[in-house]
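In what follows, a structure is listed as structure tokens, so that the remarks can point back to it.
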Amino acid sequence: MQEYVLMLVGTALVNNVVLVKFLGLCPTMGTSGKVETALGMGMATTFVMTLSSVLAWAIESALLAPFELGFLRTLTFILVIAAVVQFTEMVVRRVSQPLYQALGIFLPLITTNCAVLGVALLNVQEGHGFIQSLLYGFGSAFGFSLILIVLAGLRERVALADVPAPFAGAPISFVIAGLLSLAFMGFAGISTR
Amino acid sequence: MKLFRIRGGVHVEHRKELSSEQAIVTLPLPAWLYIPLQQHIGAPAEPVVVEGDVVLKGQLLAKAGSAVSAPLHAPTSGRIAQIGDWMAPHPSGLTQRTIILESDGRDQWCEPLLPIDDPFAADAKTIAARAAECGLVGMGGAAFPTAVKLDLGTRIKLDTLVINGAECEPYLTCDDRLMRERTDEVLDGVRIMAHALGVERIVVAIETNKPQALAIMTQAVAAGGWSKITVTGIPARYPMGSERHLVHVLTGRETPARKLTADIGVVVHNVATARAVHHAVRHGRPLVARVMTVSGQAVRRPQNIEVPLGTLVAELIDHCGGLTEPPARLLSGGPMMGQPLPGRKVPVIKGTSGILALSAVELHGGPVQPCIKCGTCVSVCPCGLVPLEMASYIRKDRLDAAAKIGVQDCVGCGSCAYACPAHIPLVHYFNYAKGRLSAQEREQRKRDRIKRLAVARADRMEKIAKAKREAMAARKAAAKKPEAVAGSAQA
Amino acid sequence: MKAVVDLGGPFAHAPTSVRWIMIQVLGALAPAVLFDLWLFGFPAINLFLVTIASALISEALCLTIAGKPLQPAITDGSAVLTGCLLAMSIPPWAPWWIGAIGALIGIGIGKHVFGGLGQNLFNPAMVARVALLISFPVPMTLFVAPKPLGSVDAPGFLDSLAITFGWHFNLDALSAATPLGYVKTELSRGVPVVDAVNHGASALDLAIGTVAGSMGETSAVLLLAGGLFLIWRRIIPWHIPVAMLGMLLGLATLFHIVDPGRFADGSFHLLAGATMLGAFFIATDLVTSPVTRPGQLVYGAGCGALVWIIRSFAGYPEGVAFAVLLMNALTPLIDRWIRPRIYGRTRRGDPLTPKPKT
Amino acid sequence: MLTAVGSLTVLGITLGTLLGIAAKYLAVQGDALEAELEGLLPGSNCGQCGFAGCKAAAAALAAGNAQVTLCPPGGRAVAATLAAKMGHAFDAGGTAEAEPLVAFVHEGRCIGCSRCIQKCSSDGIVGAPKQIHTVLSDACHGCGKCVSECPTEGIEMMPIPVTLATWHWHKPAPQAIDTRAKAEA
């Protein structure tokens, strides 16, 4: 049990998927303008990432490994992720129209979110079992959402400041993301084994 | 008596010593009086006199404009010089329809209304009617027509009447002097109002920084043997005088947002209002004069003066020995919630509780600096709001976001701006936001009204066009039929 | 809307101003700073002056680039305070360019990029310290044992110039480990923490400050005194330091009982390292800490927990800087979700329903 | 090679069918956006946006070939609500806050021809033939059609006067210095 907790904390905080592995940066920057949007995007991505890493494990162990179809790995994973994202888009469109409106293009773009595919492939690379890949998927998704929401809070506050013209808009967001990853360096070195 | 604590609030230097020991004096009759038609909350009064009329003191000049309004009476005898526009005692510097009365110096009372000899036998309706007839309004500064408040007893079950002797605004000492010098009139008015409202408990709340007033009132109540009245000292902490917070301190009940204190069974009246009720009921005298404090370092001799309504501020200041220096700020009311005046040639009205001429030293002003988010304004806000966040939204023109976090619930007491180390004019931001939001609401209501009109007109035009087409068709049909008819007629 | 009067709102004001607040905070820092300058001798004084000077220079630079007037901003003491806090969190005998670059990063990227005083999201001094720690690990971890002025092996003024401004002067011979650093390295060599703590500096030395470390990591007692002065003057809320120290003490003692060999005890954590400086002067930076009292309690507890986690598990010995930056990142969310209840409304915001009169 | 192609097609088919089923259950009715947008517009069909009435304007907005600032009488408030509904970023700075204007009849020049009454889309003008006409400022939203119609140019667009009731404080200047106000005589 202690090993699972360490895995969760490790993936969420220590080697955070956004700030340490630098995966999934474009949706992070894209949807962290407002906290509500970030919350919606975080939940959607968590759902997709967890489900995809579990399905990826299933396909890997049921289909790819026995028939040595390793070279198909990326293709099948993307197929699965795209299906899951399509399903999520339908759910979000049905559940909350304003969130669907707010996320706009970034909802289907979860398919291209390199963190989702990256986590699935990392699971296979590190030979995680079912529970481990579930936890690994959920942990990194939780880390992704955490950073998304924290960054959204920071950007909403900086939107109220008189940022000098050359820094207004995207540049200041990147400065904030940079300082945030600077702060996350504090967790470097925590052994997650 | 058990007192409760309110959230936040600031300790302001009350600086009442400038005028608290000055007995109330009466102002010598000014030559000209300027009586604005809008001296209260509600519709403005409508004049019943015309230019050239000669009126006696206390005669009706303008009747109430609507149910929530108050009539105006002549503060002195004289001739109506003109009903024109005069600058209002308001920071906008706009003019206002005003009755200009030239006094004849005789100050002769007209025939007073029939005094109600035993008010405790009379029912609430007659007392409320008398208050309405005499043009009584809340003298604490809100100037809400008193008759409407006295009528509440008939519609809602009330159990407590609170007499607001807190006077938490710095400099102002008129309520204090009234309680010390006109104690009987005040207490009589209190008992009449309590009878009209049908309440069993009456609480007179006086801040502990007015010990003499507290002592005199307690002693007078004990002498009178009225068990239902309790006089209590409350901590001297701004904004203790705010209606909802005073009720919370005395009864522990919290007034729901957008509701009156009457909805939780408590009515609050000012000390001066009580005295005005006494004069109206016992002597049939309308509200024609009131006591106000003229103070501030820029005034040579600060005083408490009984002033006929409509007197110009310049006359008041001259009576107090003129100005020692050009004032940094000229205010109507206290320094915390008072309104800056556009000049000295503006009249005092029913709601003016004081005229302050403050020197720059007293303002503790300073350059406005960026907000350092120290959170002092959050801890002092008695309404539990987050002033710095509201102000930063307003600064970026996001009034909807400011409204969402409660800018409409701000009572404008000024504690946050008082305590802000960066001297940010927070209350000014909130007043702008509230004004802008109500203007947007007005525009939206107007757009909806115009949408209804446009839709109605389109339907009407549609109906007319259809009717014309049918008539055209009928006429064409008729044109064809006549040959047949003619044919059949010939056959 | 035209108004004859320029400004509405209250016309009385409490006798405070931003500059007066900054001056009082500097005053509270003064005893600790003077003691440390005496403790580490001339090189520390040079570095301190260089850091403060470059803080002011970079403030002036940023203001002129932004086209803002120099006057009210430069003298409101915020740049001096940032420079002072930065100087207290870098090794006392570090070369001058560490102080200069740190001040430039702190004032420039830490504050003026966001729009100047009051609008930065992260504590400028900590941004600078962490940036320096990660970019120049060697000079930032070279600490020396205290060499009070006038003591036999304290460097003379000329030597101190060489130390601070000279290139070739290597300090390896003199370097000593900070108490936290010592405990961590011992732990990695398998020595249980309890022995390392007892063998290292005694609790008294830790409290007084006669131990190796940056100026902020020494004189715990003087910093505590300064902090209590600020609380008494109502400049900082007591909620943040109490929550931070309480959480740190609680976690440390709890885990010390569970596994004394692995975790240091509470008093060690409180007295060693920059805990006192962090709790009273860095975490309570008005601009980057929450504005509501309950929010400040959550923020302080978060800082305390993170300090303990980083000190016990992470690679860097001192976690205060990282902990404060991480909690600064959470401050906007804390202020968003932990709000006072509006008078007359429920927590959710709709008006109260009046209690039926019994 | 065969297993690779086979497994991919099987995977594709199963996922496709699953999505087809899900699409049926989670179907959302037609685009309710247009009706909502029309609800936001003033609805006075004044035509200042260049479309034949508000319904056409809403359709154009929903289709995306119209700007949120297409409605002059609505001013910044309507533009902001439209932008919020459409999810577009809208900076209020762009459209200058148009001072709301109201038509005003100069009695001297009105000959009572009542041609302006037919033109007014919201019955904002009152008058009888050969009598002096007047504008009900509460019913006039400043579309200005009557101005061009009046033969004697007797109608002019005037700003709405500020009264004590509608006056409110201006927004304080960002660094408003709390200087000594001139309390002139």
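The values are calculated or read from the model by the stated rules, or taken from the named source; none is laboratory data. All figures in this text were calculated on a predicted structure; none of them were measured in a lab. Virtual Cβ from ideal backbone geometry, glycine too; neighbours counted across all protein chains shown. Side chains are part of the model used for accessible areas, which takes the heavy atoms of the whole protein and leaves out ligands, DNA and RNA. Shrake-Rupley method; radii C 1.70, N 1.55, O 1.52, S 1.80 Å.
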### Summary
Quick count over region C:272-326, residues being surrounded by fewer than 24 Cβ atoms within 10 Å (Cβ to Cβ) and away from chain A (no Cβ under 13 Å), is 7
### Message
Just to be sure I understand, how many residues within region B:33-44 are open to solvent by less than 10 Å² (accessible area, probe 1.4 Å) and away from chain D (no Cβ under 14 Å)?
### Response
2
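Show me the helices (runs of 4 or more DSSP H) entirely contained within region B:268-372 in which 1 or more residues are away from chain C (no Cβ under 14 Å), open to solvent by less than 10 Å² (accessible area, probe 1.4 Å) and not polar (S, T, N, Q). First the steps, then the outcome.
Details: elements: B:271-278, B:313-319, B:360-363.
Passing ranges, in order: B:271-278, B:313-319.
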#### Entry: helices (runs of 4 or more DSSP H) enclosed by region B:376-477 - at least 2 residues per element that are at the interface with chain D (Cβ under 9 Å from one of its Cβ atoms)
B:387-395
### Summary
For region B:142-169, the count of residues that are within 14 Å of chain C (Cβ to nearest Cβ) and either buried (at least 24 other Cβ atoms within 10 Å of the Cβ) or within 16 Å of the chain's Cα centre (by Cα) (or both) equals 2
### Query
What is the number of the single condition among (1) over 16 Å from C:GLY246 (Cα atoms); (2) part of a loop (DSSP other than H, G, I, E, B) that C:THR284 does not meet?
(1)
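Assess whether C:THR253 counts as being polar (S, T, N, Q), open to solvent by 30 Å² or more (accessible area, probe 1.4 Å), more than 12 Å from chain A (Cβ to nearest Cβ) and not in a helix (DSSP H, G or I). First the steps, then the outcome.
Numbers: polar (S, T, N, Q): yes; open to solvent by 30 Å² or more (accessible area, probe 1.4 Å): yes; more than 12 Å from chain A (Cβ to nearest Cβ): yes; not in a helix (DSSP H, G or I): no.
The answer is no for C:THR253.
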#### Entry: Checking C:ARG129 against (1) closer than 27 Å to A:LEU151 by Cβ; (2) part of a loop (DSSP other than H, G, I, E, B); (3) of a type outside the set (Ser, Thr, Tyr), the condition it does not meet
(2)
### Query
Filtering region A:68-104 down to residues that are among the hydroxyl-bearing types (Ser, Thr, Tyr) and either touching a residue at least 60 places away in the same chain (Cβ under 8 Å) or assigned to a helix (DSSP H, G or I) (or both), which residue is nearest to the other protein chains (Cβ to nearest Cβ)?
A:THR76
### Task
Would you please list the contacts, defined by Cβ atoms under 6 Å and residues six or more apart or on different chains, that run from a residue in region C:221-237 that is among the hydrophobic types (A, V, I, L, M, F, W, C) to a residue that is assigned to a loop (DSSP other than H, G, I, E, B)?
C:LEU230/C:ILE236; C:ILE231/C:TRP238; C:ILE236/C:THR284
### Enumerated helices (runs of 4 or more DSSP H) restricted to region D:57-172, each holding at least 2 residues that are open to solvent by 30 Å² or more (accessible area, probe 1.4 Å), within 13 Å of chain B (Cβ to nearest Cβ) and at pLDDT below 75
D:75-86
### All positions within region A:150-171 that are more than 7 Å from chain C (Cβ to nearest Cβ) and in a helix (DSSP H, G or I)
A:LEU151, A:ALA152, A:ARG155, A:ALA159, A:ALA165, A:PRO166, A:ALA170, A:PRO171
### Query
Does B:ARG290 satisfy being among the basic types (Lys, Arg) and touching a His at 6+ places or on another chain (Cβ under 6 Å)?
no
### Message
more than 25 Å from A:GLU36 (Cβ to Cβ) and modelled with pLDDT of 90 or more: is that true of A:ALA141 in this structure?
### Response
no
### Message
I need a count of the residues in region B:59-85 that are outside any loop (DSSP other than H, G, I, E, B) and open to solvent by 40 Å² or more (accessible area, probe 1.4 Å).
### Response
5
### Query
Residues in region B:1-44 that are more than 30 Å from C:GLY344 (Cα to Cα), assigned to a loop (DSSP other than H, G, I, E, B) and free of Cβ contacts under 8 Å to residues at least 40 places away in the same chain: how many?
1
### Query
Which one is modelled with the highest pLDDT, of the residues in region C:135-163 that are of a type in the set (Val, Ile, Thr) and loosely packed, with under 14 Cβ neighbours inside 10 Å?
C:VAL138
